[in-house]
């Protein structure tokens, strides 16, 4: 038995902020779901690909990157970067070694398999991203990018 009279009248009324919030979540969920499905061909998730990509792009000298730096560059927040990276070590995609100067720091580096994964998944992912926004004009994409970045940088 429902007691509708005790419910607050404002809940469920239209608010542009709620519409934006729900659309952003839906877009994120759709994009991640499609990317995860594509990346499953290589046995990885978007989060794992993103970590591999960070290492591929930011560790050009092959000295390795510390967990903190990798974590700061991931698209999504990860509560335990160490566990994410250890699973990738178990798959042979990266190696992890203690820093020679500061033994508290552990540096991660791509293996040849990790390099090949990033390189083989890159073009299909770019194609997927293009397809996901193919219904928009270039000007609309630029405006969406500008507005999303503005919303993200609210400080």
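The values are calculated or read from the model by the stated rules, or taken from the named source; none is laboratory data. The structure displayed is predicted, hence computed values, not measured ones. All Cβ positions, even for glycine, are placed from backbone atoms using ideal geometry, and neighbour counts span all protein chains on display.
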Q) Does residue 27 count as free of Cβ contacts under 8 Å to residues at least 40 places away in the same chain, in a helix (DSSP H, G or I) and more than 13 Å from the chain's Cα centre (by Cα)? A) yes
Q.
Take residue 107 and tell me if it is without any contact (Cβ under 8 Å) to a residue 24 or more places away in the chain and at negative phi.
A. no
Q: Among the numbered conditions (1) touching a helix residue (DSSP H, G or I) at 6+ places or on another chain (Cβ under 7 Å); (2) in a helix (DSSP H, G or I), tell me where residue 116 comes up short.
A: (1)
Q: Quickly run through the stretch 51-67 and pick out the residues that are touching a helix residue (DSSP H, G or I) at 6+ places or on another chain (Cβ under 8 Å) and part of a helix (DSSP H, G or I).
A: 51, 52, 53, 54, 55, 56, 58, 67
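Which residue, of 125, 74, is modelled with pLDDT of 95 or more and within 13 Å of residue 49 (Cβ to Cβ)?
Sole residue among the options that is modelled with pLDDT of 95 or more and within 13 Å of residue 49 (Cβ to Cβ): 125.
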Q: Only residues that are under 21 Å from residue 129 (Cβ atoms) and free of Cβ contacts under 8 Å to residues at least 40 places away in the same chain: list them for the stretch 52-70, please.
A: 54, 57, 58
Q.
Please verify whether residue 123 is assigned to a helix (DSSP H, G or I) and out of contact with any helix residue (DSSP H, G or I) (no Cβ under 9 Å at 6 or more places or on another chain), treating the condition exactly as stated.
A. yes
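Can you say whether residue 56 is under 26 Å from residue 28 (Cβ atoms) and at pLDDT 90 or above, as far as the supplied structure shows?
Details: under 26 Å from residue 28 (Cβ atoms): yes; at pLDDT 90 or above: yes.
Yes; evaluated as a whole, the condition is true for this residue.
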Q | Search result, residues across the stretch 68-93 that are assigned to a helix (DSSP H, G or I) and surrounded by fewer than 19 Cβ atoms within 10 Å (Cβ to Cβ) | A | 68, 69, 72, 73, 82, 83, 86, 87, 89, 90
Q: Determine, yes or no, whether residue 43 is loosely packed, with under 12 Cβ neighbours inside 10 Å and under 24 Å from residue 132 (Cβ atoms).
A: yes
